[in-house]
Amino acid sequence: MLDVTPRGARIVAGTTAGLTHGLFTLVQLTDPGADPTAARAVPAVHVEDEPRFEHRGVLLDEARYFMGADAVRSLIDQLALHRMNVLHWHLTDDQGWRMEVRAWPRLTEVGARRAGSHEGDWFDESDAIDPTPHEGFYTRDELRSIAAYAAARHVTILPEIDVPGHAVAAIAAYPELGCTGATIEVTPLIAVHEDVLCVCREAVMTMLEEVLDEVIDVFDPPTVHLGGDEVPTTQWEASPECAARMTELGLTDVAALRAYAIERLAGYLADRGRGAVAWEDAETAPLPASIALQQWRSTDADVARLAYEGRAIVRSPAEEYYLNRSLELTPLAEVYATPVIPTSLDAAQATHVVGLEGCLWTPWIRTPTQLQTFAYPRLSAIAELGWSDPDALDYPGFLARMPRMLERWEAAGIEHAGPEALR
Ligand code: ACM
């Protein structure tokens with residue numbers, strides 16, 4: 001609660017995050033606007049407020065393009081300003097492995113660099129390769145420092161180690177992680193690749209547990225994202241080791257190896273007091289309800305089914321909340337108009353939706369400046385959906401407040417999509 005009267009200002013909150021939000025609000029009320037010489041009067045207000053959802057996040061993909069610590073800190077600043085509290089950090093994929101792992105040094109010695117990058121964008125399916133090498137990774141100390149920076153702003157890092165697919169960079173570093181044993185390169189190509197981790201092999205699961213040990217050590221995260229999206233089964237089908245492992249596990253469907261791997265690793269995390277979340281398509285066989293799922297491609301009816309299982313659901317429907325799509329495909333108005341809780345859910349199902357993420361995938365976003373023009377102003381819509389009750393959502397009111405946000409970003413040297421995005 002924030003009370004401003006002629007006698008002073010008072011902030012009362014149940015958590016330190018709430019106190020910080022109250023302070024931010026007070027500071028914003030003194031905001032002089034575009035004219036810094038204007039008098040700084042604070043209006044008398046009484047604000048009682050709380051967030052609608054506990055998970056109000058943004059996904060940042062640095063596997064495709066490494067953006068660097070300054071870009072990450074800037075994004076964290078914006079999350080805090082927007083009272084958002086989760087940075088979902090996608091640190092590994094086919095095109096790069098960005099986290100130093102002491103026990104497996106080649107993950108970054110080899111996996112953090114690729115010989116070129118896929119040209120093109122969402123509208124250009126060309127296979128042309130720009131031969132400029134791309135590289136970058138964070139040391140454990142750098143990751144710790146960014147996590148501390150986030151924590152000081154009440155932003156929690158949700159680190160993602162994407163398994164068992166989207167792992168070409170890891171297999172390039174250690175060919176024994178794949179089923180074929182073939183030596184491959186970190187790929188520039190944006191695609192769903194057939195080289196996946198050979199989770200049938202116990203040594204591969206042990207390697208992944210050792211990576212998770214370091215994720216826990218570096219981030220001390222309440223929850224780890226295990227990925228689990230888009231996993232072709234071709235190599236598992238061809239592998240005698242996988243056939244033998246499936247017999248041991250009593251599995252008849254090779255696709256179920258994906259859920260098996262996610263469940264094993266989630267159990268490993270649970271034994272260490274950490275939660276797990278995976279992309280919804282990780283559930284190729286029933287997963288324990290303790291594993292949260294992040295919805296990205298399913299229909300509203302599927303969300304109701306996920307909720308029916310009683311598990312926590314994070315919403316990031318690709319067409320509406322993927323902020324890396326162009327503004328033509330995903331306009332600001334569409335982000336704002338997409339309910340976090342699909343209207344098809346009943347009240348009991350709705351309680352399982354813990355929040356939402358706006359996603360910044362970077363297959364075609366190459367620089368921190370480009371990243372900003374995709375993020376802003378749509379991130380503000382995600383923030384408002386995460387915070388406000390549906391009956392308080394008001395698009396004309398939101399649009400009327402946005403020009404001031406554009407000025408704030410400009411004052412902070414942050415790019416945005418321009419006033420023409422505000423419609
Ligand atoms: C995803 O967009 N592959 C989760």
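The values are calculated or read from the model by the stated rules, or taken from the named source; none is laboratory data. All of these numbers come straight from a predicted model, not from anything done at the bench. With ideal geometry, Cβ positions are generated from the backbone for all residues, glycine too; neighbour counts draw on all protein chains shown. Please note that ligands, DNA and RNA were not included when accessible areas were found on the heavy atoms of the full protein model with its side chains. Shrake-Rupley method; radii C 1.70, N 1.55, O 1.52, S 1.80 Å.
Give, to the nearest whole percent, the P(r) tail of the stretch 246-385 beyond 23 angstrom, counting all Cα pairs. If you can, show how the numbers build up before the last one.
Values: 4296 of 9730 pairs.
Counting pairs separated by more than 23 Å, the tail of P(r) holds 44 percent.
What value does the stretch 1-111 have for Rg/Rh, both radii from Cα atoms and Rh as Kirkwood defines it? Show your work: numbers first, answer last.
On the way: Rg = 20.0 Å, Rh = 17.2 Å.
My calculation puts Rg/Rh at 1.16.
How much space per residue, in cubic angstrom, does the convex hull of the C-alpha atoms of the stretch 141-268 take up? Don't skip to the answer; put the middle values down first.
On the way: hull volume 14.9 nm³, N = 128.
Cα convex hull per residue, to the nearest whole number: 116 Å³.
Checking the a/c ratio against 1.5 first, then a/b against b/c, what shape does the Cα gyration tensor give for the stretch 174-245?
On the way: a/c = 1.93, a/b = 1.46, b/c = 1.33.
Here the stretch 174-245 falls in the prolate category.
First compute the accessible area of the stretch 302-423 with a 1.4 Å probe, then give the percent of it belonging to carbon and sulfur atoms.
That fraction is 57 percent.
Over the Cα atoms of the stretch 313-389, compute the convex hull volume and normalise it per residue, giving Å³. Please list the in-between numbers first.
Numbers: hull volume 6.8 nm³, N = 77.
So the per-residue hull volume is 89 Å³.
Which residue fluctuates most in the GNM of the chain (Cα springs below 10 Å): Ala169, Ala400, Ala289?
Looking only at Ala169, Ala400, Ala289, the largest GNM fluctuation is found for Ala400.
Pick out which of Pro396, Pro105, Pro175 has the largest mean-square fluctuation in a Gaussian network model of the chain, springs linking Cα atoms closer than 10 Å.
Largest GNM mean-square fluctuation: Pro396.
Hey, can you grab everything whose amide H is under 5 Å from the amide H of Gly116? Only 5+ residues off in sequence or another chain; H modelled, so Pro and N-termini drop out.
Amide H neighbours of Gly116: His134.
Taking Cβ-Cβ under 4.7 Å as the only way to count a partner, pick out the unpartnered cysteines of the chain.
Result for the chain is Cys359, no neighbouring Cys Cβ within the cutoff.
Calculate one ³J(HN,Hα) per residue across the stretch 283-289 by plugging θ = phi - 60° into the Karplus curve 6.51 cos²θ - 1.76 cosθ + 1.60, and present them in order as whole Hz with x for glycine and proline.
7, 7, 8, x, 9, x, 5
Given the stretch 72-126, report the % of alpha carbon pairs whose separation exceeds 17 Å. Could you put the intermediate results ahead of the total?
Working: 894 of 1485 pairs.
For the stretch 72-126, the fraction of Cα-Cα distances above 17 Å is 60 percent.
Let me have the relative contact order for the chain, percent, based on Cα pairs under 8 Å that are six or more residues apart. Provide the component values of the computation, followed by the final result.
Numbers: 798 pairs, mean separation 64.5, N = 423.
Here the relative contact order equals 15 percent.
Measuring from the lowest to the highest alpha carbon on each principal axis, how far does the stretch 358-423 reach, largest first, in angstroms?
38, 24, 19
Can you give me the convex hull volume of the Cα atoms of the stretch 309-358, divided per residue and expressed in Å³?
Working: hull volume 3.7 nm³, N = 50.
Cα-based convex hull of the stretch 309-358, divided per residue, equals 74 Å³.
From the alpha carbon gyration tensor of the stretch 278-348, can you work out the equivalent ellipsoid semi-axes (sqrt of 5 times each eigenvalue) and give them in Å, largest to smallest?
Values: eigenvalues 113, 40, 14 Å².
So the equivalent ellipsoid measures 24, 14, 8 Å along its semi-axes.
Percent relative contact order of the stretch 268-372, based on C-alpha pairs within less than 8 angstrom and at least six residues apart? Write down the numbers at each step before the final one.
Details: 133 pairs, mean separation 25.5, N = 105.
RCO, the stretch 268-372: 24 percent.
For Ile157, list long-range residues whose amide hydrogen, built 1.01 Å from N in the peptide plane, is under 5 Å from its own amide hydrogen.
Excluding prolines and chain starts, which carry no amide H, the hits are Leu87.
Residues with amide H under 5 Å of Leu59's amide H, sequence separation 5 or more or different chain, H placed in the peptide plane at 1.01 Å from N; which?
Correct list: His88, Gly358, Cys359, Leu360.
If I ignore ligands, DNA and RNA and count only protein heavy atoms, how much of Trp361 is accessible to a 1.4 Å probe, in Å² to the nearest 10?
Approximately 20 Å² for this residue.
Rounded to whole Å, give me the distance from the Cα center of the stretch 254-288 to that of the stretch 166-237.
Each part's Cα centre sits 14 Å from the other's.
Where does the stretch 214-307 land on the Kirkwood hydrodynamic radius, alpha-carbon pairs, in angstrom?
On the way: mean 1/r = 0.0697 Å⁻¹.
Evaluated over the stretch 214-307, this radius sits at 14.3 Å.
When N is the residue count of the stretch 73-182, what does its C-alpha Rg come to as a fraction of 2.2 N^0.38 Å?
Working: Rg = 16.2 Å, N = 110, 2.2 N^0.38 = 13.1 Å.
Its radius of gyration relative to the 2.2 N^0.38 Å reference: 1.23.
Grab the beta carbon distance between Asp271 and Thr234, set R0 = 41 Å, and tell me the FRET efficiency rounded to 0.05.
Working: r = 32 Å, r/R0 = 0.79.
Using R0 = 41 Å, I get an efficiency of 0.80.
Tabulate in residue order the Karplus-calculated ³J(HN,Hα) for the stretch 319-330, using 6.51 cos²θ - 1.76 cosθ + 1.60 with θ = phi - 60°, rounded to whole Hz; enter x for Gly and Pro.
Per-residue couplings from phi come out as 6, 10, 10, 7, 7, 7, 6, 5, 5, 5, 6, 10 Hz.
Under the Kirkwood approximation applied to all pairs of distinct alpha-carbon atoms, what is the hydrodynamic radius of the chain in Å? Don't jump to the answer; show the numbers that get you there.
Details: mean 1/r = 0.0444 Å⁻¹.
Computed over the chain, the radius equals 22.5 Å.
So for the stretch 1-118, averaging the separation of alpha carbon pairs under 8 Å that are six or more residues apart and normalising by length, what relative contact order in percent results? Write down the numbers at each step before the final one.
Working: 126 pairs, mean separation 23.3, N = 118.
With pairs under 8 Å counted, the relative contact order is 20 percent.
Once neighbouring chains are kept in place and the probe is 1.4 Å, which whole percent of the accessible area of the stretch 200-301 is contributed by carbon and sulfur? Write out the running numbers ahead of the final one.
Numbers: 2100 of 3990 Å².
Carbon and sulfur together cover 53 percent of it.
Provide Rg and Dmax in Å for the stretch 161-206, with only Cα atoms included in the calculation.
Cα-based Rg and Dmax for the stretch 161-206 come out at 9.8, 29 Å.
Peptides 363-370, 247-254: what's the order by average Cβ count within 10 Å, highest mean first?
Numbers: 363-370: 17.6, 247-254: 11.6.
Highest-to-lowest ranking by the protection proxy: 363-370, 247-254.
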